[in-house]
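Student: Let me give you the structure first, and then I'll get to my questions.
The values are calculated or read from the model by the stated rules, or taken from the named source; none is laboratory data. Fair warning: this is a prediction, and the values are worked out from it, not measured in the lab. Here the Cβ is made from the backbone with ideal geometry for all residues, glycine too, and neighbour counts use every protein chain on show. Note: accessible area is taken over every heavy atom of the protein model, side chains too, but ligands, DNA and RNA are not part of it. Shrake-Rupley method; radii C 1.70, N 1.55, O 1.52, S 1.80 Å.
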Amino acid sequence: MKNNNNYNGCTKKEKLECNYHIIHKLPPGDSPYVRAKYAQLVEKDAEAAIVLFWKAINAGDRVDSALKDMAVVMKQQDRAEEAIEAIKSFRDRCSKLAQESLDNVLIDLYKKCGKLEEQIELLKQKLRMIYQGEVFNGKPTKTARSHGRKFQVTIKQETSRILGNLGWAYMQQSNYAAAEVVYRKAQEIDPDVNKACNLGTCLQKQSRYSEARSVLEDVLQGKISGSDDPKSKNRVEELLKELEPFGSFGYTSPSPQLNLEDAFLDGLDQLINQYAPFRSRRLPIFEEISPCRDQLAC
């Protein structure tokens, strides 16, 4: 496989390989990692790529990228459990800078395997790291990639995203009270339509229909970012239709009081103050300690 742009003396196949090298930004050389990426991206041979990624890890060849890329390929091959064990076993060989990316891959793997408790614990761990200033290498933003495009993510956006994922995990456990707490926090920081819809569902599941309707109507009134998206409007309208049989029935109650450890609570308050400085320092949800202890304990 040639790795430069000089096509003199190259066969048609070699020229094609050179083009793929440029298109897929394959690293130069002929190491196990380079061959693994070639198998993955050019030959589309996932099993061969996994074997070569293993060789790269064992040879100490670009271990950060090799472990992450191998786990992603394993997930695509329905080998998520194996990918989880691989990350747990070999992440100590990776640099400190790679740990955050590996955590993100682990969260996706836990989600695919239905390992909700592990997913929740790791999401909480990531939130603690944000509160302690241990993410983004001390910078206010980081570069992320999606579908080949690079874009900047702020700590505010990352916090809201993680809270949204945590709320979704609680919903899968049918723990709608805990999910409500988390979604409300996420909406305080960076509100969007998807989390508003999920919050409305949490309230509906707790028979708090008028509150659910109020949250959803805010979307239709354009009060939340993304309200003008047709798909989002359709989803909100469908959720409102589900509430129609209940009319004005149900009850309105204070948000559930959940006991959080002090470090978790203080960090959450600091983020709320940073992103919504004109609101009260502590949300009413945390002003009292209730019998629902340990539901969100970190």
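Student: Give me the residue from segment 43-72 that is under 28 Å from the mean Cα position of the chain (by Cα) and more than 16 Å from F90 (Cα to Cα) and, out of that set, surrounded by the most Cβ atoms within 10 Å (Cβ to Cβ).
Tutor: Filtering segment 43-72 for residues that are under 28 Å from the mean Cα position of the chain (by Cα) and more than 16 Å from F90 (Cα to Cα), the one surrounded by the most Cβ atoms within 10 Å (Cβ to Cβ) comes out as A49.
Student: Checking D229 against (1) under 20 Å from the mean Cα position of the chain (by Cα); (2) touching a residue at least 24 places away in the same chain (Cβ under 8 Å): exactly one of these is not met. Which one?
Tutor: Among (1) under 20 Å from the mean Cα position of the chain (by Cα); (2) touching a residue at least 24 places away in the same chain (Cβ under 8 Å), the lone unmet condition for D229 is (1).
Student: If I go through segment 92-115 residue by residue, how many of them are more than 27 Å from G167 (Cα to Cα), open to solvent by 20 Å² or more (accessible area, probe 1.4 Å) and modelled with pLDDT of 95 or more?
Tutor: Residues flagged as more than 27 Å from G167 (Cα to Cα), open to solvent by 20 Å² or more (accessible area, probe 1.4 Å) and modelled with pLDDT of 95 or more within segment 92-115 amount to 3.
Student: Any chance you could count how many residues in segment 120-172 are among the polar types (S, T, N, Q), within 26 Å of C197 (Cα to Cα), open to solvent by less than 90 Å² (accessible area, probe 1.4 Å) and touching a strand residue (DSSP E or B) at 6+ places or on another chain (Cβ under 7 Å)?
Tutor: Residues meeting the conditions: 1.
Student: Further, regarding this structure: Which ones in segment 202-237 are within 25 Å of Q172 (Cβ to Cβ), basic (K, R) and outside any helix (DSSP H, G or I)?
Tutor: Residue satisfying the conditions is R208 alone.
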